[in-house]
1. Given 0.36 nm per residue, what is the gain on full extension from B:L252 to B:S230 after removing their alpha carbon distance, in nm?
2. With a 1.4 Å probe, how much accessible area is buried between chains B and A, both sides summed, in Å² to the nearest hundred?
3. Pop the C-beta distance of B:R172 and A:I23 into the FRET formula with R0 = 60 Å and round what comes out to the nearest 0.05.
4. Please give, to one decimal in nm, the separation of the simple spin-label points placed at B:Q240 and B:A121, each 7 Å out from Cα toward the Cβ.
5. Of the candidates B:T87, B:T186, B:T166, which one comes out as most mobile in a Gaussian network treatment of chain B with C-alpha springs shorter than 10 Å?
6. Across all directions of projection, what mean area in square nanometres is found for the Cα convex hull of region A:205-317?
7. Just the Kirkwood number for region B:127-190, please: inverse of mean 1/r across all distinct Cα pairs, in Å, one decimal.
8. Tell me which GluC sites (Glu not before Pro) from region B:200-237 have a DSSP coil assignment and no more than 15 other beta carbons within 10 Å of their own.
Amino acid sequence: MTLHAGVAPRPFHRLGLPAFGLIALVALLVAAAGAVSIGEVAVPPAEVVKVLGNRLFGMDLAVDPIREGIVWHYRLSRAAVAASAGAGLAVCGTVLQALLRNPLAEPYLLGISAGASTGAVLVMVLGIGAGAVTLSGGAFLGAGLAFVFVAALARGSGGGTERIILAGIAGSQLFNAATSFIVTTSANAEQTRGIMFWLLGSLGGARWPDIGLALPMLAIGLLVALYRARALDAFAFGEDAAASLGIETARVRMELFGVTALLTAGIVSLVGAVGFVGLVVPHATRFLVGPSHGRLIPAAALAGGVFMVAADVLSRIVVPGQVLPIGVVTALFGAPAFAFILWRSRRRA
Amino acid sequence: MTLQARDLAWETGGQPIVKGVTLRVPEGRFLGLVGPNGSGKSSLLRLLAGLRRGQGGAVLLDNRPLSTISRREVACRLALVEQQTATEVALTAREVVALGRTPHRGAWETWSAADHAAVAAALKRTGMTDRADQLWSTLSGGERQRVQIARALAQMPRELLLDEPTNHLDIRHQLDLLKLLRGLGTSCIAALHDLNHAVAFCDEIAVIKEGALVAQGRPVDVITADLIRSVFEIAATVSQDPSTGRLRVDFLPD
């Protein structure tokens, strides 16, 4: 049949990882090309290639220095951070959906992003160090707190798929209110403007040093998720079924919840709370490559990167002369997807 | 005797569910677990599978306490088929069966020829080869049950535990399934509701009432009118066909 040596069984209608990877890489290149050339100052592709030649290969091609600065320091770094954040959020969503056996699970809807925002804002306002590391440390504590809060609330109300989402909504509201409270009472005009950043996300501040935080975190998240890919597959029929397949379920859950909280915290501290990427991307990818996590996790990471870079391009061209918060664009796609998944699960029940 | 329970006790929410059960699983034979609803059959199976940890006594696998063996090692030789199985994941029957190879594969190990052979054999033994590439959601109740048993077989267990495997199946599928289990040659422990099925297919029967083991032995020795009256609180007659030696249980209306 469709069996190849060394490859787990896969029905013929699903895309293989190499094919998907190739398509996604091309899409990522196209999206990135758009991201660096489109903007208030349009930079033709030929000039972008020259900038890359100068910066990456030490060539000495004649380029307008201002446009070179825009391409290299602003747009390319922004696209790289967007791609890492999108990849990370997609991995988080994939892992959470499998662990919680809930098609709607993702960091934003579960309130983890909101918790991370609160933690980061608190660190910022209290002025405990100002670096990206302390900021993401605060975000991690906030994300962990939100995790515990939502888990306890879901369990206390009797557990079940819907309860987790309801608990997530309660958590989101609570932590978003806390964030707004802290930001508005901090009475610093500049910080107050930042509220949009923490609630909706923004790529405006993304620079190359941010990649130094985003990439290692993404690598850790991907590695752990891939290491546990078989375990995530085994969760398909529930926790007891996974345990009877030899999975140390309690340990795997703690490990993966920890990694999702870490990844979410890192992303939130860099680009704010961007919603729905972790929801839309895993579903679309699962539809294309199938549910096996060994394929799904790397594929979702790639697709998440493409989605986020494309959403960023959209956020800059939808309203001329204005940049929408990235979270507005992702929600524009995410909310209908949420509704569709809800509608489909109702039919199945 | 590779799997046994010794004085096993388990309670949840302050309610004792399993009360000091000592049970031996005859090797390579089919042991039926019978008892009224809520008598603790499912809990006992979960304890034997190591999914719950008893507060008293022990489950022994090859004379080692189950609690000291890693989950993965247990899963390589003991498999459980749960009563209710549901998933939202769009898996094919073959992918569900492939899950049974999980304990046999390391995290970075690729799909091997041995894995492929185990899955193919399990599908064949349960008669599901033709349905292998169908999605789980399109299978009937009986087919799903078979796929779960095939998944358990792909684990290559020496002990197979099943919680009411014939539930929700029509009579033909019930009989097919019991025949399949009896022919496996692995030790099977199955919670069963139908006493006539239990006496017809099981090598041994263990009777559970209110969390305690009432009797264990050959069907002909265990299933008597007296036992049925005391355990199930109904009147019944148990007769044996003189020519075939087969037992038959008839329930009497009042």
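The values are calculated or read from the model by the stated rules, or taken from the named source; none is laboratory data. Quantities reported herein were computed from a predicted structural model and do not represent experimental measurements. Cβ: placed from backbone, ideal geometry, glycine included. Neighbour counts: every protein chain shown. Surface areas here come from the heavy atoms of the whole protein model, side chains and all, with no ligands, DNA or RNA. Shrake-Rupley method; radii C 1.70, N 1.55, O 1.52, S 1.80 Å.
1. Going from the current span to full extension adds 6.5 nm.
2. Using a 1.4 Å probe on protein heavy atoms, the buried area is about 2900 Å².
3. The value I calculate is 0.80.
4. Roughly 3.7 nm, to one decimal.
5. In the Gaussian network model the winner is B:T87.
6. It is 7.6 nm².
7. Numbers: mean 1/r = 0.0815 Å⁻¹.
One decimal place: 12.3 Å for the Kirkwood radius.
8. Those that pass, being in a loop and sparsely packed, are B:E210, B:E233.
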